[in-house]
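In what follows, a structure is listed as structure tokens, so that the remarks can point back to it.
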């Protein structure tokens, strides 16, 4: 969202302090919003778009286009479970890996007992032999 607001502001050749003053926020806060470091409230978003003389619908349309932009193709999922585990955990730090392992152990310990089936010949019961 911030990048879209910055694009509109820079496209108009306007300064950060000018838009921030009209929108009722500090230039530092608006800068953080434009850089994606702060979330923007609905009220402030309306004030910023009003200061930019840009319909809020145009901002949301631009956002929708950016979110719908084609992404690079994901690599194929490996068939080997060990490689899958490495791929999934490669970006996790030690504390996150520990949490995942503890949660997996919790699930395994609290899973209901599997139903047991007899395999092979089942001898007839007394009632079944009549």
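We did not get these values from a lab; they are worked out from the coordinates using the rules stated. Since this is a predicted model, take the numbers as computed values, not measurements.
List the relative contact order of segment 1-46 as a percent without decimals, with contacts defined as Cα pairs under 8 Å and 6+ residues apart. Write down the numbers at each step before the final one.
Values: 31 pairs, mean separation 18.4, N = 46.
Relative CO of segment 1-46 lands at 40 percent.
Let me have the relative contact order for segment 12-108, percent, based on Cα pairs under 8 Å that are six or more residues apart.
Numbers: 35 pairs, mean separation 15.7, N = 97.
Computed value for segment 12-108: 16 percent relative contact order.
Assign one of three labels to segment 2-67, namely rounded, prolate or oblate, based on the Cα gyration tensor with a ≥ b ≥ c the square roots of its eigenvalues; rounded applies when a/c is under 1.5, prolate when it is not and a/b is larger than b/c, and oblate otherwise. List each step's numbers first, then the result.
Values: a/c = 1.44, a/b = 1.30, b/c = 1.11.
Rounded shape, in that the Cα axes give a/c under 1.5.
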